[in-house]
Amino acid sequence: MNGRRLWAVMLKELRQMRRDRITLAMIVGIPVMQLLLFGYAINTNLRDLPAGIADQADTAASRALVMDIVATTVVKPVRFEQAPQQLMDAIRRGEIGIGIVIPADFERRRAEGREQVQILVDGSDNAMQSAAAQLAQVPVADAAGAASPATRLLSQAPISVVAFFNPERRSAVNIVPGLVGVILTMTMVLFTGVSIVRERERGNMELLIATPVSSAELMVGKVLPYVVIGLVQTTLVLLLGLWLFQVPMVGHVLHVYLAAALLIVANLALGLLISTQARSQFQAMQITFFVFLPSILLSGFMFPFAGMPAVVQWIAELLPLTHFLRLVRGIMLRGASLWELWPDVLALVAFTTVMMTAAILRFRKRLD
């Protein structure tokens with residue numbers, strides 16, 4: 001072992017890393033990204049959840065109770081309806097996560113010490129159920145104006161929580177639909193991320209340059225085969241989820257496949273854009289990792305989306321996985337149609353259009 005030769009090899013590696021901007025960015029960027037995401041963006045204490053309120057009693061006491069519930073800052077009223085069914089429809093469409101129902105005979109229920117308020121919650125999100133359980137602890141005054149005694153609370157809770165779509169709180173029901181998006185994001189971006197780079201490394205770019213194939217034809221031609229592969233992966237995850245974990249399929253299975261196709265095309269377009277930037281397959285995989293990490297952490301798959309700061313939520317809205325999770329959970333678990341979730345459909349279409357256009361404009365049929 002010669003010290004001078006060892007030192008020379010070490011200097012060579014350091015200089016190589018200094019010239020490789022992608023590797024240098026990962027050395028600094030990964031620790032910074034994880035620190036910011038885990039320390040600032042991820043928060044399990046949910047606040048300002050979008051909620052709907054149906055105050056059928058509309059008395060001074062019922063309005064005061066609504067104010068007490070809002071004062072907890074757990075929910076933020078965004079809809080005021082007349083009937084519980086309207087709240088259920090809004091929950092199914094994903095417009096709200098919690099519905100608060102105060103019945104018309106609220107005052108009589110107060111006097112009798114019976115259940116006075118019902119909280120409807122989207123059970124497809126376990127974090128939402130936990131937040132609703134906090135609301136059930138809000139003290140409710142009896143007819144005399146005093147807080148309900150402990151004996152009454154034990155015999156008949158004044159606020160009850162009714163969870164729909166996953167009342168058993170099985171984590172697999174929430175995770176398996178999300179896994180479809182996670183797997184498609186990881187594989188589709190990676191597959192196409194190395195496609196153009198692989199053509200250069202294997203010497204096939206010279207052949208493509210000599211052909212009359214346009215940039216748009218080449219890009220679309222590389223995307224379409226992977227769409228079929230992505231749909232096969234989707235089928236595999238859905239069948240295993242149904243067989244092993246009894247994950248329900250409340251909505252139409254065709255809508256699930258259409259949502260999956262939207263995510264597949266969006267990820268493939270992003271992968272093509274990455275492939276036009278990377279100079280090697282290793283660089284393409286490095287850039288893919290930078291995309292995959294925030295997608296997993298910020299999309300709502302691992303941590304509750306509602307607990308993130310507003311700025312981080314805006315960033316998460318730029319990720320295709322965020323919109324797909326809303327689509328697949330809404331269709332599979334809540335029975336919503338793809339057209340009822342049209343804002344997320346438009347978001348995926350817009351993302352695909354921008355990424356594919358940028359990839360076509362950046363790609364040139366040349367070797368440099």
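I'd like the full set of residues that are within 13 Å of residue 91 (Cα to Cα) and assigned to a loop (DSSP other than H, G, I, E, B), limited to segment 107-135.
Answer for segment 107-135, where residues must be within 13 Å of residue 91 (Cα to Cα) and assigned to a loop (DSSP other than H, G, I, E, B): 123, 124, 125.
I'd like the full set of residues that are more than 14 Å from residue 322 (Cα to Cα), touching a residue at least 24 places away in the same chain (Cβ under 8 Å) and more than 15 Å from the chain's Cα centre (by Cα), limited to segment 333-351.
334, 335, 336, 337, 338, 340
Tally time: how many residues in segment 44-73 are open to solvent by less than 30 Å² (accessible area, probe 1.4 Å), more than 26 Å from residue 335 (Cα to Cα) and within 30 Å of the chain's Cα centre (by Cα)?
Of the residues in segment 44-73, 2 are open to solvent by less than 30 Å² (accessible area, probe 1.4 Å), more than 26 Å from residue 335 (Cα to Cα) and within 30 Å of the chain's Cα centre (by Cα).
Taking segment 323-346 only, how many residues are open to solvent by 10 Å² or more (accessible area, probe 1.4 Å) and not in a loop (DSSP other than H, G, I, E, B)?
Residues meeting the conditions: 8.
Among the residues in segment 270-293, are any within 21 Å of residue 196 (Cβ to Cβ), without any contact (Cβ under 8 Å) to a residue 12 or more places away in the chain and of a type outside the set (D, E, K, R)?
Yes, segment 270-293 contains a residue that is within 21 Å of residue 196 (Cβ to Cβ), without any contact (Cβ under 8 Å) to a residue 12 or more places away in the chain and of a type outside the set (D, E, K, R).
Could you count how many residues in segment 304-322 are free of Cβ contacts under 8 Å to residues at least 40 places away in the same chain, part of a helix (DSSP H, G or I) and buried (at least 19 other Cβ atoms within 10 Å of the Cβ)?
Residues in segment 304-322 being free of Cβ contacts under 8 Å to residues at least 40 places away in the same chain, part of a helix (DSSP H, G or I) and buried (at least 19 other Cβ atoms within 10 Å of the Cβ): 3 in total.
Would you mind telling me which numbered condition in (1) in contact with a Leu (Cβ under 7 Å, 6 or more places away or on another chain); (2) modelled with pLDDT of 90 or more; (3) under 23 Å from residue 50 (Cα atoms) residue 303 fails?
Here residue 303 meets the rest and fails (2).
Cβ-Cβ below 8 Å, separation at least six or inter-chain, first residue in segment 59-88 and closer than 15 Å to residue 117 by Cα, second part of a helix (DSSP H, G or I) and among the acidic types (Asp, Glu): which pairs?
So the pair list comes out as 59/107; 61/107.
Could you say whether any residue in segment 91-102 is closer than 21 Å to residue 127 by Cβ, open to solvent by less than 50 Å² (accessible area, probe 1.4 Å), at pLDDT 90 or above and out of contact with any strand residue (DSSP E or B) (no Cβ under 6 Å at 6 or more places or on another chain)?
No, that holds for no residue.
Within segment 34-46, does at least one residue satisfy the condition of being part of a helix (DSSP H, G or I) and either at pLDDT 75 or above or over 30 Å from residue 303 (Cβ atoms) (or both)?
Scanning segment 34-46 turns up at least one residue that is part of a helix (DSSP H, G or I) and either at pLDDT 75 or above or over 30 Å from residue 303 (Cβ atoms) (or both).
Just give me the residues in segment 114-129 being open to solvent by 10 Å² or more (accessible area, probe 1.4 Å) and farther than 28 Å from residue 325 by Cβ, in sequence order.
Answer for segment 114-129, where residues must be open to solvent by 10 Å² or more (accessible area, probe 1.4 Å) and farther than 28 Å from residue 325 by Cβ: 114, 115.
When only residues in segment 154-203 that are closer than 28 Å to residue 282 by Cα and among the charged types (D, E, K, R) count, which is surrounded by the fewest Cβ atoms within 10 Å (Cβ to Cβ)?
202
Considering 301, 245, which residue is under 17 Å from residue 173 (Cα atoms), buried (at least 20 other Cβ atoms within 10 Å of the Cβ) and either touching a helix residue (DSSP H, G or I) at 6+ places or on another chain (Cβ under 8 Å) or of a type in the set (A, V, I, L, M) (or both)?
Selected residue: 301, the only one of 301, 245 that is under 17 Å from residue 173 (Cα atoms), buried (at least 20 other Cβ atoms within 10 Å of the Cβ) and either touching a helix residue (DSSP H, G or I) at 6+ places or on another chain (Cβ under 8 Å) or of a type in the set (A, V, I, L, M) (or both).
Go through (1) modelled with pLDDT under 90; (2) farther than 20 Å from residue 172 by Cα and name the single condition residue 296 misses.
Against the list (1) modelled with pLDDT under 90; (2) farther than 20 Å from residue 172 by Cα, residue 296 comes up short only on (2).
Looking only at residues that are touching a strand residue (DSSP E or B) at 6+ places or on another chain (Cβ under 9 Å) and in a helix (DSSP H, G or I) in segment 69-79, which one is nearest to residue 50 (Cα to Cα)?
Ranking the candidates gives 70 first.
Please go through segment 162-186 and pick out each residue that is closer than 30 Å to residue 275 by Cβ and modelled with pLDDT under 90.
186
Spot the failing condition for residue 82; the list is (1) in a strand (DSSP E or B); (2) open to solvent by 70 Å² or more (accessible area, probe 1.4 Å); (3) within 26 Å of residue 337 (Cβ to Cβ), and only one is missed.
Among (1) in a strand (DSSP E or B); (2) open to solvent by 70 Å² or more (accessible area, probe 1.4 Å); (3) within 26 Å of residue 337 (Cβ to Cβ), the lone unmet condition for residue 82 is (1).
The values are calculated or read from the model by the stated rules, or taken from the named source; none is laboratory data. For clarity, every value in this text was computed on a predicted model and none was experimentally measured. FYI the Cβ positions are ideal-geometry reconstructions off the backbone, even for glycines, and counts take in every protein chain you see. Accessible surface is based on the protein model in full, side chains and every heavy atom, while ligands, DNA and RNA are left aside. Shrake-Rupley method; radii C 1.70, N 1.55, O 1.52, S 1.80 Å.
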